[in-house]
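Chemist: Before I ask anything, let me first share the structure, which is written out below as structure tokens.
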Amino acid sequence: MSMVELLKKDLLNDIARVRPDELAPSLGAVILAIAEGKTEGEFPYYKPSVFFNLTYPSDNFISVLRSVVETLERKAVASIFLNLDMGSGKTHLLTLLLHLFASYKMAPQQLSGYIDDYKSKTGYSEKLASKVVVFAFDLRTPKLASRYLKLTEILLKSLENHEAAEIVKKAYEEGRLPDAKTLAENIDKNLNILILIDELHYAAVLGDEKD
């Protein structure tokens, strides 16, 4: 059986019309698109419904997602370093986490038909997602770090953590990062924090020293 027979013809036609950088953009581009309300826009990868339609939950993805879910459920502290080869799907996996825990709050209708598989295989739930605030950064473009925080401010506001949201908003409007201690003290202790960082290797090895 060919790939054409396996995949929907309309979906293949849609993919063929999109430039590669739009179909699989950087994590930073996805963060900004979601934060600026483009989840219904012309770029498919930013739309949770299209993203999930193009995503297969591989064993590696499921393993990482299960670890993240278990850590959040236990309100524990943990880090996962994705020491994988180029092209293995690190950015795709981080985008999946971004959609599951950030887009869920902003466009839940786009996820509704796709998350049952993740629930059964990882323990993910809407209840858990509703108590998670996401901080997401793409270190290939560190100059945009403060801009990425707009998504975090929106999530904090949706979780009614207005004090922390205001701290984040003031920081990105001034083009800087918020004071970590002050922000931590103002985040509701009933919330979980999920920090997603892409291109760490690029920043450490090839990035500008000042950045």
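Chemist: So how strong a dipole does segment 124-202 carry about its Cα centre when Lys and Arg Cβ are +1 and Asp and Glu Cβ are -1, to the nearest 20 debye?
Modeler: The calculated dipole for segment 124-202 is roughly 100 debye.
Chemist: Can you work out the accessible area per residue across segment 80-138, with the rest of the protein chains kept in place, probe 1.4 Å, in square angstrom?
Modeler: Accessible surface, normalised per residue, equals 45 Å².
Chemist: Further question on the same structure: Let me check something: with ligands and nucleic acids excluded, how do Glu185, Glu126 order by accessible area (1.4 Å probe), largest to smallest?
Modeler: So the residues, ranked largest to smallest area, are Glu185, Glu126.
Chemist: What number results when the radius of gyration of segment 126-166, computed over Cα atoms, is divided by 2.2 N^0.38 Å?
Modeler: So segment 126-166 has a normalised radius of gyration of 1.27.
Chemist: Taking the Cα centre of segment 46-203 as origin and charging only Cβ (+1 Lys, Arg; -1 Asp, Glu), how large is the dipole, in debye to the nearest 20?
Modeler: It works out to roughly 80 debye.
Chemist: Please sort by residue number the trypsin sites (Lys or Arg not before Pro) in segment 135-211 whose DSSP state is loop and whose Cβ has at most 13 other Cβ atoms within 10 Å.
Modeler: Arg176, Lys189, Lys210
Chemist: Can you give me the convex hull volume of the Cα atoms of segment 109-177, divided per residue and expressed in Å³?
Modeler: Looking at segment 109-177, the number lands at 111 Å³ per residue.
Chemist: Tell me, what ³J(HN,Hα) does each residue in segment 67-80 have, in order and in whole Hz, if you take phi through Karplus 6.51 cos²θ - 1.76 cosθ + 1.60 with θ = phi - 60° and put x for Gly and Pro?
Modeler: Residue by residue, segment 67-80 yields 5, 5, 4, 5, 5, 5, 4, 7, 6, 9, 10, 8, 9, 10 Hz.
Chemist: Further, regarding this structure: Counting only protein chains, not ligands or nucleic acids, how are Asp59, Asp138 ordered by accessible area (probe 1.4 Å), most first?
Modeler: Asp59, Asp138
Chemist: From largest accessible area down, sort Glu73, Glu36; use a 1.4 Å probe on the protein chains.
Modeler: Ranking Glu73, Glu36 by accessible area, largest first, yields Glu73, Glu36.
Chemist: Using a 1.4 Å probe over the heavy atoms of the protein chains, calculate the carbon and sulfur portion of the accessible area of segment 164-207 as a whole percent.
Modeler: The value for segment 164-207 is 54 percent carbon and sulfur by accessible area.
Chemist: Once phi is turned into θ = phi - 60°, what whole-Hz ³J(HN,Hα) does the Karplus curve with 6.51, -1.76 and 1.60 give for every residue of segment 110-115, x standing for Gly and Pro?
Modeler: 7, 9, 4, x, 10, 8
Chemist: Now for a separate question. Any chance you could get the radius of gyration and Dmax over the Cα atoms of segment 34-161, in Å?
Modeler: Taking only Cα atoms of segment 34-161, I get Rg and Dmax of 14.3, 39 Å.
Chemist: Express in nm, to one decimal, how much length is gained between Val77 and Leu144 on full extension, taking 0.36 nm for each residue of separation and deducting their alpha carbon distance.
Modeler: Gain on stretching Val77 to Leu144: 21.5 nm.
Chemist: Still on this model: Consider just the alpha-carbon atoms of segment 45-106 and return their Rg together with their Dmax, both in angstrom.
Modeler: 12.2, 32
The values are calculated or read from the model by the stated rules, or taken from the named source; none is laboratory data. Given the structure is predicted, the values throughout are model-derived calculations rather than measurements. Using ideal geometry, Cβ is built from the backbone for each residue, glycine included, and neighbour counts are taken over all protein chains shown. Quick note on the areas: whole protein, heavy atoms, side chains included, nothing else; ligands and nucleic acids left out. Shrake-Rupley method; radii C 1.70, N 1.55, O 1.52, S 1.80 Å.
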